[in-house]
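Let me begin by presenting the structure, written as structure tokens, before commenting on it.
Here, each number is a calculation from the coordinates, and none is a lab measurement. All figures in this text were calculated on a predicted structure; none of them were measured in a lab. Note that we place each Cβ from the backbone using ideal geometry, even for glycine, and neighbour counts take in every protein chain shown.
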Amino acid sequence: MSVTKKKILLITPSRIIARGITSILEEHGGFSVETVLVDLSRENEATVRDSMADIVIVDPIIFDFASRPSGRSRISDLTDAAVIAAPTAVTDDETIKSYDETISIYDTPAAVISKLRNSLAQSAGGPRTENREELSAREKEILVCVAQGMLNKEIADRFHLSIYTVITHRKNITRKTGIKTVAGLTVYALLNNLIDPASVE
């Protein structure tokens with residue numbers, strides 16, 4: 001009986017890292033590196049969007065310093081896959097925390113496989129309860145706007161924020177609630193009495 005392998009999309013500028021991760025996954029089974037990209041150019045964004053990847057492994061160094069904190073959000077706008085950081089340079093803790101999991105170049109092959117499996121389990125079963133966090137007041141305001149069908153630009157204009165800040169808030173909402181769809185977030189907002197049912201079309 002053949003087991004369907006989980007598809008991996010890898011984004012790293014390092015051929016050595018790409019070969020190393022691919023080799024580990026080929027040796028240990030269960031995962032298959034389907035696509036390797038060196039950056040997240042516009043053309044490559046389309047590749048990510050069209051991929052059927054279960055996991056995206058990305059080196060945060062592909063994003064310039066200013067956009068690195070919102071890099072995970074940018075990928076999540078393209079795919080519902082779990083997103084794992086594989087940093088090859090020092091990356092601040094807040095940026096690393098935004099990812100579903102982090103693999104290190106010093107991890108053993110068994111640790112890498114375990115982290116990939118954990119990220120899939122978390123993405124299928126929602127957030128880890130021990131890491132559950134309350135939404136901030138601003139996140140609740142943005143959640144209400146999302147539930148009412150507002151676009152990121154409209155939300156940014158309403159609260160005098162940049163679109164990137166709104167996207168970051170939305171990713172934090174998804175991370176904290178474990179809900180990725182607008183419909184799911186709407187139900188969450190209704191169940192938590194954040195919006196009046198009459199305000200939702």
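Expressed as a fraction of 2.2 N^0.38 Å, the value expected for a compact globular protein of N residues, the C-alpha radius of gyration of the chain is 1.07. With the alpha-carbon atoms of the stretch 132-199 aligned to their principal axes, the span from lowest to highest coordinate is 29, 29, 20 Å, starting with the largest.
Quick one: F159, F65, fewest Cβ neighbours within 10 Å first, how do they rank?
Least crowded to most crowded, the residues run F65, F159.
Peptides 54-63, 9-18, ordered by how many other C-beta atoms sit within 10 Å of their residues on average, highest first, read 54-63, 9-18. Once you've got the GNM for the chain with C-alpha springs shorter than 10 Å, pick whichever of V90, V38, V144 has the biggest mean-square fluctuation. Per the Cα network of the chain with a 10 Å cutoff, V90 tops the list. Charges were assigned to the Cβ only: +1 to each Lys and Arg, -1 to each Asp and Glu. The resulting dipole of the chain about its Cα centre is roughly 180 debye.
Taking all Cα pairs closer than 8 Å and separated by 6 or more residues, the relative contact order of the stretch 132-199 comes to 42 percent. With 18 Å as the limit on Cα-Cα distance, the pairs of K6/K97; K97/K176; K115/K171; K7/K115 that go past it are K6/K97; K115/K171.
For L37, the residues 5 or more places off, or on other chains, whose built amide H falls under 5 Å of its own are L10, I11, T12.
Taking every C-alpha pair closer than 8 Å and separated by at least 6 residues, the mean separation divided by the residue count of the stretch 71-201 gives a relative contact order of 23 percent. The phi-based Karplus calculation (6.51 cos²θ - 1.76 cosθ + 1.60; θ = phi - 60°) puts the 3J(HN,Hα) values of the stretch 94-110 at 4, 5, 4, 5, 6, 8, 5, 6, 10, 10, 10, 5, 9, 5, 6, x, 4 Hz, whole numbers, x for Gly and Pro.
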